[in-house]
Amino acid sequence: MIPSSREEQKKEAFRLFEDGRYQESLRACTQILESGRDPDIEVLAATNSYYTGKYEDAEVSFRDLARKMPDSSYVHSYLAKVLEEREDEGAIGEYATAVRLDPTNQDALRSYAGYLLTHGDYRGALPVLRRLVRQVKRPEDIKNLMRVLIEIDEAEEALAAHAMAGADMPKSHEYVDALAKTGNCRAAAESASAIYRETKDISILRKYLAALSGYDVPASLDAYSSVIADNPDRDILCDYILLLKSNGEYAKALQATQSLLSCTRKPEYRLVECDLLAAQGRDEDALLACERLIREEQGTRDDPDTLGLVISKYRQYLKKSLPADEAARRFLDLVTRDINVVSLLGTARFYQEEGNTSEARAWYYRAYRTDFLSGGLDYAKFLSDNGELRECEKVMLYILSNVKKGTDLTRVAAVVIDKKGPMSCMKRLMEQLIRRLWERRGTLNSEGMELLAVVFFIAATNALEETDYTHCKYYCLCGMDVMPAYARDIRLENYLQLIRACKEQSVADHPIMHTPQEDTRELAEPQAVFDQLGLSDQEQKIIGFLRSHRKASEMELRKVLGTRRVAGIVNKLVQKAASQGLSLVEKKGVGEDGEVYEYTGI
């Protein structure tokens, strides 16, 4: 029976949602919205779009709702979930907004913590999980908190968190890892053994064997041998091989490696084989095995990091076992046969180690032209190390102006401030780096925010050396503002020392804080907005029509564009605008002629 009144229809839509019948609930929401707007139903419809996997529609809807309901933690948290599904770096900023608006929103806190853990941002996850565990002592949340503390080398605190949870808190992987990290290998082994007897979990058995090897190597070797005979797990077998190798039992380790390689030809296992052959003095066999691996990795190009590691090992084997001329010939014949950035960089490093600076420079430059980021960063470091600072700055400015992803931007920042070398004293480069990081601060993880804080600190230090006390204090205040709560390499005291030095050295200290002024910037011209967003011709036509008419139906826009694909084009337009912090078009419900759109720009 179809519900008659609007209120009954709403109840039915929510009931379907609660039952997990999201597609039916979405249809009910669409039907309700045809007769008029309703904020609750709009939120429900957007949520249904998320749960039915319609992420593009969900993103447009939640962005629209976020503008209408800027203080809704729920809306921002679900927009974050949608962006996470779409692998959009903006998810981190939306999660942060959600928990800032409502620190008691457990679903948002848990989703935010999960996002940070998935992306390896343990320091960023720590305050989120602390807040969550204070609110409700759920075992999974406590285990996640323990994992974070272990990863940031606070294993003692992880054990304390486990103890505070009470006797009902079960022993877990995290408890075993925390014991092992504190050096209490015997207790870790005992706990892992007890868990394994109960669960028969192979991964906990692996932890037991590793902990046993921490205090009784002979017993652990026997235990490994016994376990492998019954259950030849690849990870456990690899651990056994590495233990034999560290114990100097190369022949046994090589025999076990060959058994492992009969099951899988993973490059990391084959590299262990190369190391074992070299350790036994079988240099030519090690070289041949390494050469086969390089050829295969060059052919697949699946993992540049692995190829780089293998080439580095190959250089070491050659230098150790062959005369310089023969080593050079053999290396170049193999590595330069395939033009990729890893091989180019490997060749550059080979010449650099040989002291041939001109050849090294040429190969680094080729790597830069092949891959401006991976090749360019190493080329810039080479230029800096060899005193070519003007060319180094030119290369780094080019890289900085062309990187798009936040992760790539933090990678560039790490190179600039590494060991506070010459790059950190290049004024134009530092100014550009600050600008780019500041623009992306809403999408940076805790590592990125700490890098920004360190960049501000270095800029403040440089300003102090130039007796520019105003900018020194300004950069210090900016650095303190963006510094994450659990920073690794910078402390508030570092900035305070610089501010104190400014005040002591300045003849007349000048205050830098001021009353915020109203934004008096001129409004952007339409064409400037089009250029800023990179709008297509069809998207520009939509904006032009809506600017003239303020509102238009889907049918009207179909006539303007000469296509039925209006909804998809508008969705992309809304996403482009939102990515730049702009609002140009909003959906205003559904009418007789389809979706109704309204122009919300200037």
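The values are calculated or read from the model by the stated rules, or taken from the named source; none is laboratory data. Remember, predicted model here, so these are calculated numbers, not experimental data. Cβ sites come from the backbone with ideal geometry, for glycine too, and all protein chains shown count toward neighbours. Heavy atoms of the whole protein, side chains included, go into the accessibility calculation; ligands, DNA and RNA do not. Shrake-Rupley method; radii C 1.70, N 1.55, O 1.52, S 1.80 Å.
Assuming Glu554 fulfils every condition listed in (1) open to solvent by 70 Å² or more (accessible area, probe 1.4 Å); (2) among the charged types (D, E, K, R); (3) modelled with pLDDT of 80 or more apart from one, which condition is it?
Glu554 satisfies every listed condition except (1).
Does any residue of segment 450-467 turn out to be touching a Pro at 6+ places or on another chain (Cβ under 7 Å), open to solvent by 30 Å² or more (accessible area, probe 1.4 Å), within 24 Å of Arg130 (Cβ to Cβ) and at pLDDT 95 or above?
The initial filter retains those residues of segment 450-467 that are touching a Pro at 6+ places or on another chain (Cβ under 7 Å), namely 450.
Pick out the ones that are also open to solvent by 30 Å² or more (accessible area, probe 1.4 Å) and you get none.
There is no residue in segment 450-467 that is touching a Pro at 6+ places or on another chain (Cβ under 7 Å), open to solvent by 30 Å² or more (accessible area, probe 1.4 Å), within 24 Å of Arg130 (Cβ to Cβ) and at pLDDT 95 or above.
Assess whether Asp239 counts as being within 36 Å of the chain's Cα centre (by Cα) and among the charged types (D, E, K, R).
yes
Consider Ala96 carefully, then state whether it is of a type outside the set (Ser, Thr, Tyr) and closer than 30 Å to Thr407 by Cβ.
Numbers: of a type outside the set (Ser, Thr, Tyr): yes; closer than 30 Å to Thr407 by Cβ: yes.
Yes; evaluated as a whole, the condition is true for this residue.
With respect to Asp177, determine if the residue is under 26 Å from Arg488 (Cβ atoms) and among the acidic types (Asp, Glu). Break it down stepwise before answering.
Working: under 26 Å from Arg488 (Cβ atoms): yes; among the acidic types (Asp, Glu): yes.
In short, yes.
Pick from segment 15-46 the residues that are part of a helix (DSSP H, G or I) and polar (S, T, N, Q): which of them is most open to solvent (accessible area, probe 1.4 Å)?
Filtering segment 15-46 down to residues part of a helix (DSSP H, G or I) leaves 15-18, 22-33, 39-46.
Right, trim to polar (S, T, N, Q) and you get 23, 25, 30-31.
Values: Gln23: 73, Ser25: 0, Thr30: 61, Gln31: 102 Å².
Checked segment 15-46; the qualifying residue most open to solvent (accessible area, probe 1.4 Å) is Gln31.
Applying the selection to segment 563-602, what residues are in a loop (DSSP other than H, G, I, E, B) and either closer than 20 Å to Leu79 by Cβ or modelled with pLDDT under 80 (or both)? Outline the logic, then answer.
Of all residues in segment 563-602, those in a loop (DSSP other than H, G, I, E, B) come to 563-565, 580-584, 592-593, 600-602.
Selection gives Gln580, Gly581, Leu582, Ser583, Leu584, Glu592, Asp593, Thr600, Gly601, Ile602.
Under the condition of being in a helix (DSSP H, G or I) and in contact (Cβ under 8 Å) with a residue 40 or more places away in the chain, which residue from segment 75-95 is surrounded by the fewest Cβ atoms within 10 Å (Cβ to Cβ)?
Per the criteria, the residue is Gly93.
Can you name the number of the only condition in (1) in contact with a helix residue (DSSP H, G or I) (Cβ under 6 Å, 6 or more places away or on another chain); (2) crowded, with 18+ Cβ neighbours inside 10 Å; (3) not hydroxyl-bearing (Ser, Thr, Tyr) that Val570 fails?
Every condition holds for Val570 apart from (1).
Report, ordered by the first and then the second residue, all pairs with beta carbons closer than 8 Å, sequence separation of six or more or different chains, a first member in segment 298-310 that is within 15 Å of Thr347 (Cα to Cα) and in contact (Cβ under 8 Å) with a residue 12 or more places away in the chain, and a second member that is hydroxyl-bearing (Ser, Thr, Tyr) and part of a helix (DSSP H, G or I).
What qualifies is Gln298/Ser343; Pro304/Ser374; Leu307/Ser343.
Within segment 372-381, can you find the residues that are open to solvent by 10 Å² or more (accessible area, probe 1.4 Å) and either β-branched (Val, Ile, Thr) or assigned to a helix (DSSP H, G or I) (or both)?
Restricting attention to segment 372-381, the residues satisfying the condition of being open to solvent by 10 Å² or more (accessible area, probe 1.4 Å) are 372-374, 378, 381.
Those that are open to solvent by 10 Å² or more (accessible area, probe 1.4 Å) and either β-branched (Val, Ile, Thr) or assigned to a helix (DSSP H, G or I) (or both): Ser374, Asp378, Lys381.
Out of curiosity, is Leu209 surrounded by 14 or more Cβ atoms within 10 Å (Cβ to Cβ), touching a Cys at 6+ places or on another chain (Cβ under 9 Å) and part of a helix (DSSP H, G or I)?
Values: surrounded by 14 or more Cβ atoms within 10 Å (Cβ to Cβ): yes; touching a Cys at 6+ places or on another chain (Cβ under 9 Å): no; part of a helix (DSSP H, G or I): yes.
When the stated conditions are applied, Leu209 does not pass them.
Starting from segment 538-558, keep only residues that are farther than 20 Å from Val590 by Cα, then list their pairs with residues that are surrounded by fewer than 18 Cβ atoms within 10 Å (Cβ to Cβ) and modelled with pLDDT of 85 or more whose Cβ atoms are within a distance under 7 Å, requiring at least 6 positions of separation or different chains.
Sorted first by the residue in segment 538-558, then by its partner, the pairs are Gln538/Leu561; Gln538/Ile569; Glu539/Ile569; Lys541/Leu561.
Can you find even one residue in segment 384-391 that is among the hydrophobic types (A, V, I, L, M, F, W, C), without any contact (Cβ under 8 Å) to a residue 40 or more places away in the chain, open to solvent by less than 30 Å² (accessible area, probe 1.4 Å) and over 28 Å from Ala91 (Cα atoms)?
We begin by selecting, within segment 384-391, every residue among the hydrophobic types (A, V, I, L, M, F, W, C); these are 389.
Within this subset, residues satisfying the condition of being without any contact (Cβ under 8 Å) to a residue 40 or more places away in the chain are 389.
Going one step further and asking which of them are open to solvent by less than 30 Å² (accessible area, probe 1.4 Å), we end up with none.
No, the conditions are met nowhere in segment 384-391.
Select from segment 348-371 the residues that are among the acidic types (Asp, Glu) and open to solvent by less than 80 Å² (accessible area, probe 1.4 Å) and write down the one among them that is farthest from Met423 (Cα to Cα).
As a first pass, look at segment 348-371 and keep what is among the acidic types (Asp, Glu): 353-354, 359, 371.
Filter again for open to solvent by less than 80 Å² (accessible area, probe 1.4 Å), leaving 359, 371.
Values: Glu359: 23, Asp371: 20 Å.
Ranking the candidates gives Glu359 first.
Among what's in segment 58-74 and is within 24 Å of Lys404 (Cβ to Cβ) and of a type in the set (D, E, K, R), pick the residue that is surrounded by the fewest Cβ atoms within 10 Å (Cβ to Cβ).
Arg63
Under 8 Å between Cβ atoms, which residue pairs at least 6 apart in sequence (or on different chains) link something in segment 189-205 that is within 16 Å of Asp239 (Cβ to Cβ) and in contact (Cβ under 8 Å) with a residue 24 or more places away in the chain with a partner that is open to solvent by 70 Å² or more (accessible area, probe 1.4 Å) and not in a helix (DSSP H, G or I)?
From segment 189-205, the pairs are Ala189/Tyr215.
Could you tell me whether segment 321-344 includes any residue that is under 30 Å from Cys425 (Cβ atoms), free of Cβ contacts under 8 Å to residues at least 12 places away in the same chain and open to solvent by 80 Å² or more (accessible area, probe 1.4 Å)?
Pass one, segment 321-344, residues under 30 Å from Cys425 (Cβ atoms): 341, 344.
Going one step further and asking which of them are free of Cβ contacts under 8 Å to residues at least 12 places away in the same chain, we end up with none.
There is no residue in segment 321-344 that is under 30 Å from Cys425 (Cβ atoms), free of Cβ contacts under 8 Å to residues at least 12 places away in the same chain and open to solvent by 80 Å² or more (accessible area, probe 1.4 Å).
Which count do you get for residues in segment 100-115 that are of a type outside the set (D, E, K, R), in a helix (DSSP H, G or I) and surrounded by fewer than 23 Cβ atoms within 10 Å (Cβ to Cβ)? Quick ask: steps written out before the conclusion?
Start the filter on segment 100-115 by keeping residues that are of a type outside the set (D, E, K, R), which leaves 101, 103-106, 108-109, 111-115.
Now narrow it down to the ones that are in a helix (DSSP H, G or I): 101, 106, 108-109, 111-115.
With surrounded by fewer than 23 Cβ atoms within 10 Å (Cβ to Cβ) added as a condition, the list becomes 101, 106, 111, 114-115.
The qualifying residues number 5.
Going through segment 164-188 one residue at a time, which ones are open to solvent by 70 Å² or more (accessible area, probe 1.4 Å) and either touching a strand residue (DSSP E or B) at 6+ places or on another chain (Cβ under 7 Å) or at pLDDT below 95 (or both)?
Correct list: Met164, Ala167, Asp168, Lys171.
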